[in-house]
Amino acid sequence: CGYEQMLEVSAIDYVARDNSFEIFYEMLSLTQNKRLRVKTKIAKDEHIESASFVYSLAEWGERECYDMFGIIFTNHPKLKRVLMPDDWMGHPLLKTYPLQGDEFAQWYEVDLLYGKENRELIGPEIRDGAWIDRYDTKRFSRLGKEVPFGAEYKEDETPIEYLPDGVPILSEDFDGKKQTTLKERK
């Protein structure tokens with residue numbers, strides 16, 4: 001039909017609503033200056049034929065759909081994970097996938113790097129993106145306080161003050177030189 005390029009392949013999880021996935025392919029015709037989106041629905045346990053023999057870019061998008069949603073594309077030349085590790089369990093973009101990961105996700109890095117026998121020694125991976133350790137060893141979080149790199153926590157740390165435009169005011173630099181803003185420090 002004159003669509004020389006395929007731009008996108010992706011899917012939407014409607015498994016909870018009607019036990020299906022919507023898969024769409026978006027193509028571009030440079031000669032006609034048109035776009036075309038082809039959508040189809042498949043049941044959760046159905047497979048769909050790969051479009052990689054028509055558009056080579058489909059290979060990567062279909063691999064991503066397999067990796068993130070678990071959709072099988074038959075006759076795909078190399079259907080394997082592209083974003084997650086090869087031994088990952090589950091498919092992270094399914095709406096049923098837990099937001100903080102499951103038991104497997106919680107221990108994946110620990111098991112991979114140190115072995116299952118060291119789980120009790122190391123503890124599970126913290127998978128809450130909003131969690132900040134105020135007392136981390138390198139003091140990356142700072143949480144409203146300005147402290148030198150690697151300094152121990154003290155209750156009397158000086159709070160960071162801000163100018164009206166949101167630029168922090170620093171009372172003095174860590175080498176003792178007077179500074180007024182972070183911009184000047186850079």
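Every number in this text was worked out from the coordinates using simple rules, so none of it is lab data. Fair warning: this is a prediction, and the values are worked out from it, not measured in the lab. Because the Cβ atoms are built from the backbone with ideal geometry, glycine has one as well, and the counts that use them run over all protein chains shown.
Dimensions of region 1-118 along principal axes (Cα, Å, largest first)?
Taking the Cα atoms of region 1-118, the three principal extents are 60, 31, 24 Å.
Distance cut-off 29 Å, Cα to Cα: go down the list K34/K95; K80/K116; K41/K116; K44/K116 and report the pairs above it.
Listed pairs above 29 Å: K34/K95; K41/K116; K44/K116.
How big is region 30-76 by the Kirkwood estimate over distinct Cα pairs, in Å?
Hydrodynamic radius (Kirkwood, Cα only) of region 30-76 equals 11.9 Å.
With an 8 Å cut-off on Cα pairs and a minimum separation of 6 or more residues, tell me the relative contact order of region 25-136 in percent.
15 percent
At a 10 angstrom cut-off on C-beta neighbours, averaged per residue, how do the peptides 116-124, 26-34, 4-12 rank from highest to lowest?
Packing proxy ranking, top to bottom: 4-12, 26-34, 116-124.
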